[in-house]
Amino acid sequence: MRKLCVLGCLAAALFAPRGLLAQEVTQLPTIKQEAVTEVEKLQMFTQQMVDEIFSFSELGFQEYESSRYVTGILEKNGFHVEHGVAGIPTAWVGTYGSGKPVIAFITDIDCIPRASQKPGVAYHDPIVEGAPGHGEGHNSGMAVNVTAALVLKKLMDEHHIGGTIKIVPGVAEELLGTKAFFVRAGVFKDVDIVLGAHVESEFSTSYGTGNGEWSGLVSVQYFFHGKAAHAAAAPWEGRSALDAVELMDTGWDFRREHLRPAQRSHRVIINGGDQPNVVPSEAAVWYYFRELDYPHIKDLYDLGNTMADSAAKMTGTTVDHKLVGSAWPPHLNKVVAETQQKNIEAVGMPVWSAADQTLAKALQKDIGAKVEGLKEKVEPLTEPVKKPTGGGSDDIGDISWNVPMVYLMYPANIPNLPGHSWANGVAMATPIAHKGSTAGAKVQAMTALDFFLQPQLVQQAWDYFRNVQTKDVHYEAFLSPDDKPAVEMNKEKMEKFAPQLKKYYYDPARYKTYLEQLGIQYPTVKTQP
Ligand SMILES: [Zn+2]
């Protein structure tokens, strides 16, 4: 048996003839090829994980079935699982192996409100009307990471490769709700490299601020408290909490003109009172404040608090606020990205069938998007843009400022979709998602092997992290010591829909695929595009 006690042998190798380590490393391409073969052998396992988590359709902080399912697989395969990490019931960390380097895989598991959708159907057709659904595709991420981790475990055992694999779930990513808490709880304290994976329609990676379409944010809820009264008989006795919400919103919209163009802020009123003849004693509004860097996000947050206090003063009400999410804009590691890019290019795009392309084009046509089907080529690694414009957020940002990290975008969805909607769920339990997840798992496993077997690469990644990325910028959490994860969020919504969704949970013992279980002809399209 070949023996590759890589890190264990490192000290010895330093004092031994140089050729020793080099000889071991020359086996790297062979082992990476073995990883590819092993991932291919697990195609059905990967497909079933994609389908199973799709069928659970769980919102952020309520990912109980999904977490039970994934941790069950990990425990069965010899991973140690720590549950309830960072005070979050659906968070956990799976670990295999020991010693350095420690490589962590992370990917999200939560879904989107009202995005229920039958897979493989190229028009809006919910499984359960109004229910949550995987309208972003987070159901595929764990299939990517767990497949890669199981393959790595096998190869580490066979070849005596030292090091540790960790698997971490992105709980409540859609609420930007947990990763700053993970960092605070020390989940990444001993981790050397973080390999994140996220569903996309393309196969790519990036470094620095990438294409510049990331913002950081704080997500904060303002609760106003007034005094109830009969709205007609004695309105002067009342103090309206809803008035305060409306004045805060109006104040914010006037101020918006005088904010930097990079800011993006949006809100929903989460409590507007009960009925018109009762002066609302309670009302609440939920804001996302987004900007490009920590100081500007903090400024927006402070301004929001000032607006809320002022609205309370104007209306004779009181206000308190709760931070429910936060995210730094990600900065991804150049060394890790360059390493990963080579693996993306080696794996290449999945081979799409005519049925896959028909589904993609029919959906693009149905929603009025550009009709161009699925992507056929991997994306090149490009230099980060000089002037970021901002856009969406992801709480992996907080991790990326604590450990060298990259974010693999694997091709498991259809291009040109609106995001956060039923349309983004259409492909997510079809061969498009299955093949894309297999491709993603190959790259995750190969990239992890690159770092397990080349300790100097780990060093280079940290050099970039210390001497380039964090040379002038120092991480400071948006969380105050009193902030707690908003673990109660989505509870009521999930309790309402879970009994209905349960009837549609995927049963791999009876059906090869979820499409088969639902009796869906693949693809189902209105008209041929
Ligand atoms: Zn996402």
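Side notes on the structure shown:
- Under the combined filter of DSSP loop state and at most 15 neighbouring Cβ atoms within 10 Å, region 479-510 retains these GluC sites (Glu not before Pro): Glu488.
- Selection from Phe224, Ser201, Phe188 lying farthest towards where the dipole of region 147-243 points positive, charges on Cβ: Phe224
- Accessible surface calculations at 1.4 Å, restricted to protein heavy atoms, place the chain at 41 Å² per residue.
- The base-10 log of I(q)/I(0) for region 480-529, evaluated at q = 0.14, 0.22 Å⁻¹, reads -0.65, -0.88 [Debye formula, identical scatterers on Cα atoms, solvent excluded].
- Contour excess over end-to-end distance, with Cα ends at Lys370 and Asp190 and 0.36 nm allotted per residue: 60.3 nm
- The modelled label-to-label distance between Thr382 and Lys526, using points 7 Å beyond Cα along the C-beta direction, is 3.3 nm.
- Measuring against 28 Å, Cα to Cα, the residue pairs Lys76/Lys342; Lys189/Lys471; Lys375/Lys471 contain Lys76/Lys342; Lys375/Lys471 as the ones spanning a longer distance.
- Sparsely packed loop sites in region 454-493 (the trypsin sites (Lys or Arg not before Pro) outside DSSP H, G, I, E and B with at most 16 other Cβ atoms within 10 Å) comprise Lys471.
- For the chain, the longest principal axis of the alpha carbon atoms and the long axis of helix 354-366 meet at an angle near 20°.
- Over the chain, the alpha carbon radius of gyration divided by the compact-protein estimate 2.2 N^0.38 Å works out to 1.02.
- Of all accessible heavy-atom area on the chain, the percent that carbon and sulfur account for (1.4 Å): 53 percent
- Projected-area mean, region 357-455, by convex hull of Cα positions, square nanometres: 8.5 nm²
- For the chain, DSSP calls about 65 percent of its internal beta bridges antiparallel.
- Area accessible to solvent at Asp190, 1.4 Å probe radius, in Å²: 90 Å²
- Computed over region 279-422, the P(r) tail beyond 28 angstrom holds 46 percent of alpha carbon pairs.
- Two-decimal log10 I(q)/I(0) for region 138-269, as the Debye equation yields it once each C-alpha is a single scatterer, q = 0.09, 0.10, 0.13, 0.22 Å⁻¹: -0.54, -0.62, -0.85, -1.43
- Using a cut-off of 30 Å between Cα atoms, the listed pairs Lys100/Lys377; Lys361/Lys512; Lys298/Lys435 include Lys100/Lys377; Lys298/Lys435 as exceeding that distance.
- Across q = 0.09, 0.15, 0.17, 0.19 Å⁻¹, region 70-197 modelled as identical point scatterers on its alpha-carbon atoms has Debye log10 I(q)/I(0) values of -0.30, -0.74, -0.90, -1.05, in the order of the q list.
- Tensor-based shape of region 410-500 (alpha-carbon gyration tensor, a/c under 1.5 rounded, otherwise prolate or oblate): oblate
- Annotation for His124 and Glu257: the two label points, set 7 Å from Cα along the Cα-Cβ direction, are 3.5 nm apart.
- Between His80 and Ala509, the simple spin-label model (points 7 angstrom out along Cα→Cβ) gives 3.2 nm.
The values are calculated or read from the model by the stated rules, or taken from the named source; none is laboratory data. Keep in mind the model is a prediction, meaning the values are calculated, not measured. In this analysis, Cβ positions are derived from the backbone assuming ideal geometry, glycine residues included, and neighbour counts consider all displayed protein chains. Protein only, heavy atoms only, side chains kept; ligands, DNA and RNA dropped before computing areas. Shrake-Rupley method; radii C 1.70, N 1.55, O 1.52, S 1.80 Å.
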